[in-house]
Amino acid sequence: MFQECDKAFDKKNVEYFINLLQQDESISVRTRAVCILADIGNEAVIPVLSEILKNDKTSLVRHEAAFTLGQLGYVESVPALIDAMLSDSNNVVRHESAVALGSIGDQSARNALIDATNDNDTLVVHSAFSSLLNLDHLQLNLKIKSQRN
């Protein structure tokens, strides 16, 4: 299987890794597939990763899906990340979703991040505050740039 994965990675065969995510039972294989999609994926993988974030039975795989969505940085990921941040049963998934929202930097996540500051887990609260600070920083930079022009 590892040789197949290497070949698929070299060919940037996104479909191969999507199929692994959707069909393989192994936690390590699904986690690896998500991580690889961070390297070779594009906007087309957002629906698949969003579905994995919402429905995978393993918190590690959901965590990696949140991380990957943040790394890819597409605004289309924001609704799935908000949902996971506010409702996932695992605190590490909620934390990573908050971090990913800060990385993407879309202001539409602001109210949800404010809501997450009331989470019962300190890690999630800190991540939400950090992401809010990032949104403030991005907004301030936009104001400064617009005033210069």
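The values are calculated or read from the model by the stated rules, or taken from the named source; none is laboratory data. A quick note: this is a predicted structure, and the numbers were derived from the prediction, not measured. Virtual Cβ from ideal backbone geometry, glycine too; neighbours counted across all protein chains shown.
Considering only residues that are acidic (Asp, Glu) and either exposed (fewer than 14 other Cβ atoms within 10 Å of the Cβ) or touching a strand residue (DSSP E or B) at 6+ places or on another chain (Cβ under 8 Å) (or both), look in the stretch 23-79 and name the one that is farthest from Glu96 (Cα to Cα). Lay out the reasoning, then the answer.
Let us first name the residues in the stretch 23-79 that are acidic (Asp, Glu), namely 24-25, 39, 43, 51, 56, 64, 76.
When the remaining residues are screened for being either exposed (fewer than 14 other Cβ atoms within 10 Å of the Cβ) or touching a strand residue (DSSP E or B) at 6+ places or on another chain (Cβ under 8 Å) (or both), the result is 25, 39, 43.
Details: Glu25: 23, Asp39: 18, Glu43: 20 Å.
Checking each candidate, the answer is Glu25.
Suppose we keep only residues that are charged (D, E, K, R) and outside any helix (DSSP H, G or I) within the stretch 57-113. Which one would you say is farthest from Leu21 (Cα to Cα)?
This residue is Asp106.
Can you tell me which residue among Asp83, Asp121 is at pLDDT 95 or above and in contact with a His (Cβ under 8 Å, 6 or more places away or on another chain)?
When all the criteria are applied, what remains is Asp121.
Note down all Cβ pairs under 6 Å where the first residue falls in the stretch 116-128 and is more than 13 Å from Ile82 (Cα to Cα), the second is hydroxyl-bearing (Ser, Thr, Tyr) and at pLDDT 95 or above, and they're at least six residues apart or on different chains.
Pairs that qualify, where the first residue is more than 13 Å from Ile82 (Cα to Cα) and the partner is hydroxyl-bearing (Ser, Thr, Tyr) and at pLDDT 95 or above, are Val125/Thr117.
For Ala112, which of the numbered conditions (1) free of Cβ contacts under 8 Å to residues at least 24 places away in the same chain; (2) crowded, with 20+ Cβ neighbours inside 10 Å fails to hold?
So the condition that Ala112 fails would be (1).
Conditions: (1) of a type outside the set (D, E, K, R); (2) within 19 Å of Leu123 (Cα to Cα); (3) part of a helix (DSSP H, G or I). Val34 meets all but one. Number of the miss?
(2)
Could you identify the single residue in Glu64, Glu4 that is at pLDDT 85 or above and among the charged types (D, E, K, R)?
One residue alone meets the criteria, Glu64.
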